[in-house]
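These notes concern the structure reproduced below.
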Protein chains: 4
Amino acid sequence: MEELVYSAPEPVLKEVVYERKANYYETDQMSIIHHSNYIRWFEEARLYFMDEAGLPYKQMEDDGILIPVLSVSAEYKVSVKYDQKVLIYVWLSKFNGIRMQCGYRVVDKETGTLCATGESQHCFVDRNFKPVSLKKSYPGYYERIKAVTGERSGFDGK
Amino acid sequence: MEELVYSAPEPVLKEVVYERKANYYETDQMSIIHHSNYIRWFEEARLYFMDEAGLPYKQMEDDGILIPVLSVSAEYKVSVKYDQKVLIYVWLSKFNGIRMQCGYRVVDKETGTLCATGESQHCFVDRNFKPVSLKKSYPGYYERIKAVTGERSGFDGK
Amino acid sequence: MEELVYSAPEPVLKEVVYERKANYYETDQMSIIHHSNYIRWFEEARLYFMDEAGLPYKQMEDDGILIPVLSVSAEYKVSVKYDQKVLIYVWLSKFNGIRMQCGYRVVDKETGTLCATGESQHCFVDRNFKPVSLKKSYPGYYERIKAVTGERSGFDGK
Amino acid sequence: MEELVYSAPEPVLKEVVYERKANYYETDQMSIIHHSNYIRWFEEARLYFMDEAGLPYKQMEDDGILIPVLSVSAEYKVSVKYDQKVLIYVWLSKFNGIRMQCGYRVVDKETGTLCATGESQHCFVDRNFKPVSLKKSYPGYYERIKAVTGERSGFDGK
């Protein structure tokens, strides 16, 4: 692992910031962004994170790895409105080769106000939705994901 | 054709009515259903039509036929609001074995007010998006679609 | 409370079942329903529950009460696919006049397979997003919601 | 008019290019971007155009002008896929103070391939959806929109 960290072509990422503007069609009649859209924003941020971390999801799918969502949660603190610019902080909080977990914070770009937080868990499967061991079948991806997980590297406190 | 009409297992359909309630998450901050959702409603109505007409799209995809959209249009007359019940009238307006065209009318269920009209054109392709001649490769589907097209059976006035 | 229970025009509801068919436009390129749509299905089911429970949300909004989402979570067990019919069981799991919590289970209609579970928390605000005490300002709604919460009536185990 | 053109603080815009990446949640099980999303992309591009043209729609709504959609159409030429970068060319094709019309072209950023074209018509209303004459009630916005319409300034060939 440590060797890999030092030989990584890009610096190891712990957290990535994804910028996003709230679209009109994402509002609802409360004049705020509908809460379901944050789940989509989390996905945008997560896939951006993976691109930035040298783990482009498009390539992974082409290689036969799908990463479906096992669970997702969001807490809404302050409503985001149409035309508002937000920064979405995203990081890989857990990874054990079988599952991974991502964390999210949505922050107003101008004021820094925390608008929402979230979390998602994922597994790795092949095109037939059979579980895949990254360590065994895709060691390159395995090491790369381990590298970007930072110190937060295990489920169950491991 | 005529023989087929008389031997059709179900009565020939010319127009089908699909009922739908407007969802909260489909509203926008104008407090009306966002216009993009009508395009989705048209799809719901079209696939319902196909089910009713003995042309279940799920089965067609399983058989290797995809029916992508070539064009779509909508005219918005009266806004639909959250919780409103609408009837979507849908019919197959043109079909020539290579392409088909559907028509739509969205009507308030209670008052009968015409809320929107629409049209969509489609072609038939295989899983690699190569055009498929239904007449040659899937004569059963071809005859079935011809049967539900009614008198409105051709492109270019044919 | 008890008086109200016995005078309720409809029988007290503990759980409502909402039926739903998965739409084509809700799929993603994994050929499953995109996970964000379950959050929307929860909303559909919740608003259906409220209608059935004599708490029509449209009326509540017209009366000046908005019920935004404080948090939402979903666990995905078995993927739902296009054209699949699901039953969404929805119930009010907590309510204290300031907040309420709903629970959800998404079940395949044909087989009974549990596909997903979920939870959402909500508060009550006026049109300016100022918190509203239902008990004080809208006692009718307060009693009605208490009635449908069943034995699961409090936050913090109360 | 001409005076205004020359005194405009920014150069007069005829066409604006809006860049967009196709999101995973916008795909469907044909592994292409679902056609309904292009209608949303048109809106994103249109509102970007208005911002760039000194007609920020957020400000207009705050000033009491809503611009609902009267009609929309799209022609799909080549499917857009997940992760693909597109350029959306958008321009104001018609404007007469009562209505306006926008045109759209969606082009693959890398290859320049034309993926889709579209058009939308709009009117101007107040918060109660009563028609508004921009010329009379909001002459500043009227002149500004006229300026960006270029030579394509009228309905009915005017």
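The values are calculated or read from the model by the stated rules, or taken from the named source; none is laboratory data. What you see is a predicted model; the values in this text were computed from it and never measured. Every residue, glycine among them, receives a Cβ derived from its backbone with ideal geometry; neighbour counts consider all protein chains shown. Quick note on the areas: whole protein, heavy atoms, side chains included, nothing else; ligands and nucleic acids left out. Shrake-Rupley method; radii C 1.70, N 1.55, O 1.52, S 1.80 Å.
How much net charge surrounds residue B:123 when only the other residues with a Cβ under 13 Å from the Cβ of residue B:123 are counted, with Lys and Arg +1 and Asp and Glu -1?
Around residue B:123, the surrounding residues sum to +2.
Once phi is turned into θ = phi - 60°, what whole-Hz ³J(HN,Hα) does the Karplus curve with 6.51, -1.76 and 1.60 give for every residue of region D:47-56, x standing for Gly and Pro?
Per-residue couplings from phi come out as 6, 5, 3, 5, 4, 5, 8, x, 10, x Hz.
Could you compute the FRET efficiency for residue D:129 and residue C:135, with r as their C-beta to C-beta distance and R0 at 30 Å, rounded to 0.05?
Efficiency at R0 = 30 Å is approximately 0.25.
Could you tell me which of D:36, D:97, D:16 has its Cα farthest along the dipole of chain D towards the positive end, charges placed at Cβ (Lys, Arg +1; Asp, Glu -1), taken about the Cα centre?
Projecting each Cα onto the dipole axis, the largest value belongs to D:97.
What size of dipole, in debye to the nearest 20, comes out for chain C about its Cα centre when the only charges are +1 on Lys and Arg C-beta atoms and -1 on Asp and Glu C-beta atoms?
I would put it at about 340 debye.
Which value, in debye to the nearest 20, gives the size of the charge dipole of the protein assembly as shown about its Cα centre, when Lys and Arg are +1 and Asp and Glu are -1 at the Cβ?
0 debye
May I ask you to derive the relative contact order of chain A, considering only C-alpha pairs under 8 Å and at least 6 residues apart, and to give it as an integer percent?
Dividing the mean separation by the residue count of chain A yields 27 percent.
Go through region B:129-137 residue by residue and turn each phi into a ³J(HN,Hα) via Karplus (6.51, -1.76, 1.60, θ = phi - 60°); whole Hz please, and just put x for glycine and proline.
6, 8, x, 10, 8, 4, 4, 7, 8
When ligands, DNA and RNA are left out and all protein chains stay put, how many square angstrom of accessible area per residue does region A:21-158 have with a 1.4 Å probe?
39 Å²
Ignoring ligands, DNA and RNA, what percent of the 1.4 Å accessible area of region A:42-125 is carbon and sulfur?
For region A:42-125, the apolar C and S fraction of the accessible surface comes to 45 percent.
Please turn the phi angles of region A:106-122 into ³J(HN,Hα) values with the Karplus equation 6.51 cos²θ - 1.76 cosθ + 1.60 (θ = phi - 60°), one per residue in order, whole Hz, x for glycine and proline.
Result, ordered by residue: 9, 10, 4, 5, 6, 9, x, 4, 6, 9, 7, 10, x, 8, 9, 10, 9 Hz.
Using R₀ = 30 Å, calculate the FRET efficiency as 1/(1 + (r/R₀)^6) where r is the Cβ-Cβ separation of residue A:62 and residue C:113; round to 0.05.
Given R0 = 30 Å and the Cβ-Cβ separation, E is 0.45.
Name the residues whose placed amide hydrogens come within less than 5 Å of the amide hydrogen of residue A:82, ignoring near sequence neighbours (fewer than 5 apart) on the same chain.
Amide H neighbours of residue A:82, under 5 Å, 5+ apart: A:33.
Mind pulling the angle between the C-alpha long axis of helix A:139-149 and the longest principal axis of chain A? Nearest 10 degrees, somewhere in 0 to 90.
It is inclined by approximately 50 degrees.
Run the quick spin-label model on residue A:19 and residue D:85: label points 7 Å from Cα toward the beta carbon, then report their separation in nm to one decimal.
Calculated label separation equals 1.5 nm.
Counting protein heavy atoms only and a 1.4 angstrom probe, how many square angstrom of accessible surface do chains D and C bury in total, to the nearest 100?
900 Å²
Compute the Cα gyration tensor for region A:92-132, then decide on rounded, prolate or oblate, letting a ≥ b ≥ c be the square roots of its eigenvalues: rounded whenever a/c is under 1.5, prolate when a/b is larger than b/c in the other cases, and oblate in all that remain.
Prolate is the answer for region A:92-132, as a/c is 1.5 or above and a/b outweighs b/c.
Hey, got a sec? Which trypsin sites (Lys or Arg not before Pro) in region D:120-151 land in a DSSP loop and have at most 16 other Cβ atoms within 10 Å?
When the trypsin sites (Lys or Arg not before Pro) of region D:120-151 are filtered for loop state and at most 16 Cβ neighbours within 10 Å, D:127 remain.
Counting helices only, and only those DSSP H runs with n ≥ 4, report the 222 nm mean residue ellipticity of chain D as the sum of -39,500 (n - 2.57) divided by its residues, in deg cm²/dmol to the nearest 500.
Mean residue ellipticity at 222 nm (helix-derived): -8000 deg cm²/dmol.
Given DSSP loops and a limit of at most 10 other Cβ atoms within 10 Å, what is the longest stretch of chain B that contains no such GluC sites (Glu not before Pro)?
With GluC sites (Glu not before Pro) excluded where exposed in loops, chain B gives B:1-109 as its longest stretch.
About the Cα centre of region B:61-151, what is the dipole size in debye to 20, counting +1 per Lys and Arg Cβ and -1 per Asp and Glu Cβ, all else neutral?
220 debye
Which whole number gives the average count of other chain Cβ atoms within 10 Å of the Cβ atoms across peptide A:64-71?
If you average over the peptide's residues, the count of other-chain Cβ atoms is 4.
Given a 10 angstrom Cα cut-off, can you work out which residue in C:148, C:125, C:90 is the most mobile in a GNM of chain C?
Checking each option, the largest mean-square fluctuation is seen for C:125.
If a/c stays under 1.5 just call it rounded; otherwise compare a/b with b/c (prolate if a/b is bigger, oblate if not). Do that for the protein assembly as shown, with a ≥ b ≥ c from the square roots of the Cα gyration tensor eigenvalues.
rounded
Let me make sure I get this right: for region B:59-158, a, b and c are the square roots of the gyration tensor eigenvalues over alpha carbons, sorted descending. Under 1.5 in a/c it's rounded, otherwise prolate if a/b > b/c, else oblate. Which is it?
Note, shape of region B:59-158 comes out prolate.
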